[in-house]
Amino acid sequence: MIVATVALLLGGSIYVAYRAETLLMFSWFPVLKSWRAFLRQHIALDGWPEWFLYALPDGMWILSYLLVIGTIWDFRMKDCILLLLLMPVIAISSEILQFFHLMHGTFDVYDLVFYTLFTAIGFYTIYYYNHQINKKL
Amino acid sequence: MKKKSFFGKIILSVLCVIAFLVLATASDNKDGQSSGDYDSDPNTPTYIDDNSSDYSSDISEDSRAEDEEYYSSGAED
């Protein structure tokens, strides 16, 4: 759960710091504007690769989701496989739909790569912990 | 007891799904555009003509040359 929270906070901070203030989150949660200003004051905006700024937060979001669901279900993958698959399927399919212009938004290959990569990391982590728990029993 | 725990997990999972979907929705733009629209400073001009100063200097030099020609021809009389 700690790793999930850290992933979400880290990804969220990158997202908040580098995205336009027209995002809905800034009107829903005005406190994020102060957080954004703080981050922009203390972290250099230049020099970061595009994938770090725009695709990594998406990957962190997926990873965080998988770890939270995995924690709720005590890392028993069989019990929560549908829930685990839900968000990656939504994210990856929406990206594919964007590629075919069937959904609004811009297709980004980095997004697709990071969704897939972090989904794999999330599943492997859950599998690993499940394995460790089974070993102890 | 075991059943209650199962429902607790279901409720927590549903809340988690909603929370993450809210996060995903919140990352969209107000005008419904994708979050793939990256940050930009509204004060930054979208097009900067690097040669604009050269053009203006050309124009001023041209007009100066024309003026000199005009005055030297005695047109002011």
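Worth pointing out:
- Tally, over segment A:96-121, of residues that are closer than 13 Å to A:D58 by Cβ and among the small types (G, A, S): 1
- Inside segment A:31-50, residues that are closer than 25 Å to A:M1 by Cα and in contact (Cβ under 8 Å) with a residue 24 or more places away in the chain make up a count of 1.
- Filtering segment A:63-81 to residues that are in contact (Cβ under 8 Å) with a residue 40 or more places away in the chain, out of contact with any Cys (no Cβ under 9 Å at 6 or more places or on another chain) and more than 9 Å from every other protein chain (Cβ to nearest Cβ) leaves A:L63, A:L66, A:L67, A:T71, A:F75, A:R76, A:M77.
Residue by residue, here is whether (1) of a type outside the set (V, I, T); (2) within 14 Å of chain B (Cβ to nearest Cβ); (3) touching a residue at least 12 places away in the same chain (Cβ under 8 Å) holds:
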site	(1), (2), (3)
A:L83	yes, yes, yes
A:I92	no, yes, yes
A:Q98	yes, yes, no
A:G105	yes, yes, no
A:Y124	yes, no, no
A:Y127	yes, no, yes
A:N134	yes, no, no
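- Residue count for segment A:66-105, restricted to those that are among the aromatic types (F, W, Y) and surrounded by fewer than 16 Cβ atoms within 10 Å (Cβ to Cβ): 2
- Checking each residue in segment B:1-44 for being modelled with pLDDT of 60 or more, over 17 Å from A:Q98 (Cα atoms) and either hydroxyl-bearing (S, T, Y) or outside any helix (DSSP H, G or I) (or both) picks out B:S5, B:S13.
- Of the criteria (1) buried (at least 20 other Cβ atoms within 10 Å of the Cβ); (2) farther than 21 Å from B:V17 by Cα, which one A:L63 fails: (2)
The values are calculated or read from the model by the stated rules, or taken from the named source; none is laboratory data. Predicted, not measured: the structure shown is a model, and the values here were computed from it. Neighbour counts are summed over all protein chains in view; Cβ atoms, including those assigned to glycine, are modelled from backbone coordinates with ideal geometry.
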